[in-house]
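The values are calculated or read from the model by the stated rules, or taken from the named source; none is laboratory data. None of the values given here were measured: they were computed from a predicted structure. Here the Cβ positions follow ideal geometry from the backbone for every residue, glycine too, while neighbour counts run over all protein chains shown. For accessibility, only protein heavy atoms count, side chains too; no ligands or nucleic acids. Shrake-Rupley method; radii C 1.70, N 1.55, O 1.52, S 1.80 Å.
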Amino acid sequence: MTIAEIAKQLKKQTKVVIFSHNRPDGDTVGSATALALALEKLGITAHLVCNFDIPEKLCYLKGANLYAKSVKDSDYSAYIAVDCSNEHVFPELYPVYLSHKETFNIDHHVSNSRYGKYYFVSESSACAEHIYALIKELKVEIDSDIATSLLTGIVTDTGAFAHSNVTPKTLEIAGKLVGYGANLHYIIKRNFKSQPKERSDLYARVISNMRYRLNGKMAILIISRSDIEQCGANDAHTEGFIDYTLSVEGVEVGLSLLEIAPYRYKISLRSAGNVNVNEIASLYGDGGHILASGAMLNGHLEDIIDKLCYNVEQRL
Ligand SMILES: [Mn+2]
């Protein structure tokens, strides 16, 4: 489907729910809030749902405080998932999403499983790029709130325009959004240049225990429950830790393991360019992008590390 066709189907709606993925980031929240604001301007009621709390640092986005944890009403005309590559990123809400006949899936992950009745999946720096095109197609005027949400999606998914996923189109859209009133400086400061002390303490601890494998080609961060608790931090504070791994010269693949529960880890993988980490994450059912991917793994920490080192070594 094209964005124009998605827009055409969306215009027929009266009341929708927009789904954001677990461990919500600036892109899923920015995309969802921007789309909700745009639909409201067309007279379409839009509710937001996410199984996780929205990170405090995204509370400046208009509507971010309106998220519910579950779908309550029964009279919605459609369900829409944004930035959700597959069922694994919103497992609790996925069955609810699927229970509706009219479902939309708008995403930018290569690993997207093309679920839903109407889907638009294409690679771009952020899902927010697609939502921008969609809002243009809906002929809704972009105000400063919508622009702030969309630019937040782009800024956070590109590491403030530092990742290799940035294209001329990304910058063009970002420029337009600044023109519509988004404050780029504030968005970058908020998401990349300020943090709670708890996060800083946890970061220092995790980085100082970074391990190396494969002759320094792989760097590994381990984030245990006890570290998080002792620093008074939470899981959302660990976002972005993984980026540190690739800053070390010689590191080809960065891995972080966040302990979710005993013997259960959320792993994140980053590649400097030579290894397709989407392929590795896909071995475990999840995925993401070629250079940035993740999965959930069960088992003993050292076994998981050995397994992933083997997967990386085979691809070096
Ligand atoms: Mn995204």
Under the definition of Cα pairs under 8 Å and six or more residues apart, what whole-number percent is the relative contact order of the chain? 13 percent
Only helices counted: for the chain, with every DSSP H run of 4 or more residues adding -39500 (n - 2.57) and the sum spread over all residues, [θ] at 222 nm is -10500 deg cm²/dmol
Rounded accessible area per residue of segment 3-192, 1.4 Å, Å²: 41 Å²
Cα-projected label distance for Thr45 with Gln195, points at 7 Å along beta-carbon direction, nm: 4.1 nm
Taking a quarter of the surface of the convex hull around the Cα atoms of segment 197-313, what do you get in nm²? 6.5 nm²
Compute the length gained on full extension between Ser99 and Leu301: take 0.36 nm times their separation in residues and subtract their Cα-Cα distance, giving the result in nm to one decimal. 69.1 nm
Packing-based ranking, highest mean first, of 259-266, 306-313 given that Cβ atoms within 10 Å are counted: 306-313, 259-266
Inter-site label distance for Gln314 and His163 at 7 Å from Cα along Cβ, in nm: 2.5 nm
Cα-centre dipole for segment 81-120 with unit charges at Cβ (Lys and Arg positive, Asp and Glu negative), debye to 20: 180 debye
Selection from Gly181, Cys59, Leu150, by position along the positive dipole direction of segment 3-192 (Cβ): Gly181
In what sequence, highest mean first, do 240-251, 126-137 appear when ranked by Cβ atoms within 10 angstrom? 126-137, 240-251
What fraction, in whole percent, of alpha-carbon pairs in the chain exceed 26 Å separation? 45 percent
Sort the following peptides by mean Cβ neighbour count (other Cβ atoms within 10 Å, averaged over residues), highest first: 274-286, 101-113, 190-202. 101-113, 274-286, 190-202
